[in-house]
Amino acid sequence: MAMADYFIHLCIAIFLLPLTAFVVVALFHRRLPRHGDWIVISFMGVALILALVIFAGALNAAAHQQALRQHRSWEWLLLNFPKANSAETGVAGAAAPSALEGVSPAGAVRVGILLDGLTAVMLVVVTVVSFLVFLYSSAYLKGDVRYGRYYACLSLFATSMLGLVLSDNLLTLYIFWELVGFCSYLLIGHWFERKSAADAAIKAFITTRIGDVGMLIGILLIYSSVGSFRYEDIFRYVQEGGMSDSVSILGLEGSLRFWAAVGLFFGAMGKSAQFPLHVWLPDAMEGPTPVSALIHAATMVAAGVYLVGRMHPFFPPEALLFVAYIGAITAALSATIALVMDDIKKVLAYSTISQLGYMMLGLGVGGEVGGVAAGFLFGLFHLTTHAFFKAGLFLGSGSVIHAAHHEQSMWQYGGLARKLPVTFATFLIFTLSLCGFPYLTSGFFTKDGIIGAALQFGMQHPSHRILGWTALGAAGLTSFYMFRLIFLTFFGRPRNEHLYHHAHESPWAMVLPLLVLAVLSLGFVGSNRTFGLLHEDSWFSTLVKRPSLVAHPAESALPAESAAAAHGMEPVAAEHGAGHTADSIHLLPEAHHQALVGSITVFLAGLIGAALVYYFQWIRADAIARIFRPVYVLLLNKWYMDHLYRACVILPYLVFCYFIRLVDTYVIDAVVNFWGWAGRAGAWLVGRMDLEIVDGAVNGTAWSTGFAGRILRLTQTGQVRNYILILVAGATALLLLFWKI
Amino acid sequence: MYPITLTHYLAAGAFLFAMGVVACIARRNAVGILIGIELILNAANVNLVAFARYWNNLDGEVFAIIVIILAACEAAVALAIIINLFRGFGTVEVDYASKLKE
Amino acid sequence: MSPEIVQAVIFYFLAAMLVVSCAIVVFSHSIVNACFALLFTLLAVAGFYALLGADFLAVTQVVVYVGGILVLLLFGILLTSPLPIVLGVATRRTYYLAVAAGAAVFAMLMIIVRAFWAGQPAVPEQQSTLEALGMLLLGKYLFPFEFASLTLLAALIGAAYLVRRNDR
């Protein structure tokens, strides 16, 4: 019990630290020295240390063959919907008292904190990246007009992201989800004087909101069936066969569970920028570069992946297939667009979308029935490693942009490796990690795992073989466009002499985060020989277990185990029952082999291709563009996705608005104008009467009032004593009048 | 004349109140008026406490405490106003400070 | 002597003190004298409280009124009055008016008191009211109590704001 309290209290502290910083800085940043950035940074540093303590505790538990799983919840609301009551009784033991919490009446909405391996990892990821980005921002945005507001927003963002990963239920998750989106809106529009930034902020907000509507529908579907927002209640309900009623939407037949899962995934699509809702993320690059690193690469966009990972047991196989295809399409589509982008941040933005697609693909093929368990694991693992190196890439690009006086086009760079040695070295490590340089980088292990899982999925289900090949192809494209970026930026002759001469290495506050992130992008993070765990599993797979519904025995609350749960630990065996061996997290050898060979091959192919075109320039880029002109234009216009939205969504909306305007002009205005005319005519008549008759009376009244006023003015002496005397006299008079003595 | 009953206390309260009213009227000094107001508040408090005892209910005493708090507030603010008055008019005689009338 | 007699003796002593000191407060020509007489008035009221068994209030009366407000008044007098500190009552006419009004008020109140509460016995209280008062203040009357403290804070800030010099 003491152990459990300890970690839960740390979680609460982690959540409250940035919240406090936000409140203080938001209210008082004008009065604080340096606008209070040191408060935000130091509080986040403390949160980082606490997160590391929790992480170490989780690893320690894993070393003793136990899974960290602590849970604390509080009653928040009491909803007495009849439906909720009946559903609550329908789920046997959904509200049963456990060792850690009291009895809750039916219909009560409980919210709380769930701490397990996944949460521990996410806490570390969020706090590490946040802390480094906060530190970096202090140099990057030095002297900005809204420096204090910026830090307040950053802190609020960290608060909501931490709240999101700490939630034990969909309700608070949704609340923090929206808060995260709101912070993103504020930060993208940080320089809202620029119209493009303001537009991008609105676009990001609305696009993610569209996804969130689906998510809200999904959550409400779940609540109306289950009567609870909590993950465990939902899983238990589904495990007992709930939500299997068949529902037909748009001619598609699916279980209620399927539709709810798709609804949730819509939210994830919006937040994690999955096709077709990915359009906001490239535009979001209008925000300050550290924001891009923090929100649009490392943490916020990870929320969608986290949601799918957290709710993974809830997703039926059909929904997971949908997830996998969306992920694959996203990965491939955005990788192709990244090939032709000139803006350094846009390239990184599209690579982010692509990598998020990978994660979704991994989660999608990691289904419980007929899926590849490793896919789930590597999907989330990739989320972790990607957070570090993508944050590093963005911060590195920020360093370049900072050095280049906010010039973002890669064609203006060139040869910057000599001017920015540290930035270049770290950037190279991040790039290698993103492209999957074999064995030395963390990205290699996780991406390789996802590709392997997708390939194995294709072996088990031959009709879906394309998923694996798409992933491999996109990996090759990744390698190509990233080295294109490297060659254009850091190698070759300077294409803009002026810019080159003024370039200089960034201050330490910007370089230090790069170095830390570079270390975190090295191979030991992804390998299975880290932290003294010299066995088959990587540290990640010992921490994060996929909660299993099939193998989970229905009567899980055995006395022996609940005693263990009371100590905040559960034996690993409890989560992985009889089905554990069939549900191995290890890939089949042939899939692993294929993925290894394939990914190394495409990595080299991409590298060599980029080198030929952009370093040695044996092949001229514009020649290729001329030959494949239609393709080039298609890519340059981002597959016409924005145009599609313009034609299909915005244009009809504008037409509708125009139509409404016509109605307004010719119908409503006519009516209004008629009444206006009638009113004027009437008013003229009344006006005549007014002048002759009413005014006479009014003037008379006014005169008599003025006369009375002149008289009464004599009593208003402005002296308190007269008022008191009058008061006493009045009281006496009243007493004499009404008192029957 | 004894035992002492509620009426006695009420009479004392009434006397205090009346004296407060007299002070408010007769005094020209703003501080004097303030003293009168304090007397009136004390009269109210005596009544509150007496009734609280009479009904054997402590609510009256709670209100008396709150009245004391408010009296303190009032005294502080009133003295601030008086000092401002002194700065503005060079006197604290309220008869001269009737500028708002004009 | 029975307790009632002791009570009566104390009451009449306090009442005499009240009447005399009140008269000085109201009719004294020196405002400083009035202030010092007010001290005795307030002490007499505190004595009433003690007699009524309201021990906490009696102490509060002494602490807040005598220790706080009275000193505040004296400061006010010292800060605002140029020497000599003699500021008498108003003109003779107002003077009579004031006494008449006071008499009227007293008469009215006595009429009402005698009509409704004539001769009711005061209930003597034996045990301390302190604990019960504390429970009430932090229980049933928590909000008014907190609100009063907020008001006090606001008054404090307001007073400080009002008397600050506007020179700069």
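Report, as a whole number in µm² per second, the diffusion coefficient that Stokes-Einstein gives for region C:3-163 at 20 °C and 1.002 mPa s using the Kirkwood radius over alpha carbon pairs.
Translational diffusion coefficient: 112 µm²/s.
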Point to revise | A:L644 paired with A:Y6, simple spin-label distance in nm, labels 7 Å along Cα-to-beta-carbon | key: 5.3
Practice item. Compute the signed sum of charges (Lys and Arg +1, Asp and Glu -1) over the other residues within less than 12 Å, Cβ to Cβ, of A:R418. Key: +1
Point to revise | Cβ neighbours within 10 Å from other chains - mean over A:70-76 | key: 0
Revision key, fill the gap. Computed curve, region A:151-299, Cα-only Debye sum without solvent term, log₁₀ I(q)/I(0) at 0.16, 0.22 Å⁻¹, is -0.86, -1.29
Practice item. Can you give me the three principal axis dimensions of chain A from its C-alpha atoms, in Å, biggest first? Key: 108, 74, 58
Review point. Per residue of C:18-26, how many C-beta atoms from partner chains lie within 10 Å of its own C-beta, taken as a mean?
Key: 5
Study note, to complete from the structure: Whole-percent carbon and sulfur contribution to the accessible surface of region C:3-163 (1.4 Å, no ligands, DNA or RNA) stands at 78
Review point. What is the dipole size for region A:254-377, taken about its Cα centre, with +1 at each Lys and Arg Cβ and -1 at each Asp and Glu Cβ, in debye to the nearest 20?
Key: 220
Review point. Per residue, how much accessible area does the protein assembly as shown show when a 1.4 Å probe rolls over the protein heavy atoms, in square angstrom?
Key: 44
Point to revise | Per-peptide average of other Cβ atoms within 10 Å, ordering A:32-41, A:130-139, A:673-682, A:267-276 highest first | key: A:267-276, A:130-139, A:32-41, A:673-682
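Helix-derived [θ] at 222 nm for chain A: sum -39500 (n - 2.57) over DSSP H runs of at least 4, divide by residue count, nearest 500?
Theoretical 222 nm ellipticity from helices: -21500 deg cm²/dmol.
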Practice item. Return the long-range amide H neighbours of A:D116 (sequence gap of 5 or more, or a different chain), with a cut-off of under 5 Å between placed amide H atoms. Key: A:Q70
Study note, to complete from the structure: Total charge of the residues flanking A:M359 in space, meaning their Cβ is under 15 Å from its Cβ, with Lys and Arg +1 and Asp and Glu -1, is +4
Revision key, fill the gap. Note on region C:29-58: residues buried by at least 50 Å² of accessible area once partner chains are added (vs chain on its own, 1.4 Å probe) come out as C:I31, C:Y49, C:L52, C:L57
**Study point:** CD proxy at 222 nm, helix term only [per DSSP H run n ≥ 4: -39500 (n - 2.57); per residue of chain B; nearest 500]
**Key:** -27000 deg cm²/dmol
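Taking all protein chains as present, what is the carbon and sulfur share of the accessible area of chain A, in % to the nearest whole number, probe 1.4 Å?
Details: 22050 of 31540 Å².
So the carbon and sulfur contribution to the accessible surface is 70 percent.
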Review point. Size of the dipole of region C:3-163 about the Cα centre, Lys and Arg at +1 and Asp and Glu at -1 on the beta carbon, nothing else charged, in debye to 20?
Key: 620
**Study point:** Label-to-label distance, nm, for residues given as A:L736 and A:A13 (7 Å Cα→Cβ offset)
**Key:** 7.7
Exercise for review: Using the charge dipole of the protein assembly as shown (Lys, Arg: +1 at Cβ; Asp, Glu: -1 at Cβ; taken about the Cα centre), state which of B:F15, C:S2, A:Q412 has its Cα farthest towards the positive end.
Suggested key: A:Q412
Point to revise | Over chain A, relative contact order from alpha-carbon pairs under 8 Å, at least 6 apart, % | key: 13
Study note, to complete from the structure: Quick calc, the protein assembly as shown, dipole around Cα centre from Cβ unit charges on Lys, Arg (+) and Asp, Glu (-), nearest 20 debye, gives 3000
**Study point:** Ordering of A:458-471, A:306-319 by packing [mean C-beta count within 10 Å, highest first]
**Key:** A:306-319, A:458-471
Check your understanding: What area, in nm² and to one decimal, does the C-alpha convex hull of chain B cast on average over all directions?
Key -> 7.8
Practice item. Quote the total accessible area buried by chains B and C together, excluding ligands, DNA and RNA, probe 1.4 Å, nearest 100 Å². Key: 6900
Exercise for review: Just the number, please: buried accessible area between B and A, total of both chains, 1.4 angstrom probe, nearest 100 square angstrom.
Suggested key: 800
Revision key, fill the gap. Relative contact order in percent for chain C (Cα pairs under 8 Å, 6+ apart) equals 20
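Counting partner chain Cβ atoms within 10 Å of every residue's Cβ in B:59-67, what's the average?
Rounded to a whole number, the mean comes out at 6.
Could you work out the relative contact order of region B:6-89, using alpha carbon pairs under 8 angstrom and six or more residues apart, expressed as a whole percent?
Value for region B:6-89: 28 percent.
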Review point. Given a Förster radius of 56 Å and the C-beta distance between A:W411 and C:I157 as r, what FRET efficiency does 1/(1 + (r/R0)^6) yield to the nearest 0.05?
Key: 0.35
Study note, to complete from the structure: Env charge @ A:L114, Cβ radius under 10 Å, K,R +1 / D,E -1, value +1
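The values are calculated or read from the model by the stated rules, or taken from the named source; none is laboratory data. The shown structure was predicted, so the numbers you read here are calculated from the model rather than taken from an experiment. In this analysis, Cβ positions are derived from the backbone assuming ideal geometry, glycine residues included, and neighbour counts consider all displayed protein chains. Surface areas here come from the heavy atoms of the whole protein model, side chains and all, with no ligands, DNA or RNA. Shrake-Rupley method; radii C 1.70, N 1.55, O 1.52, S 1.80 Å.
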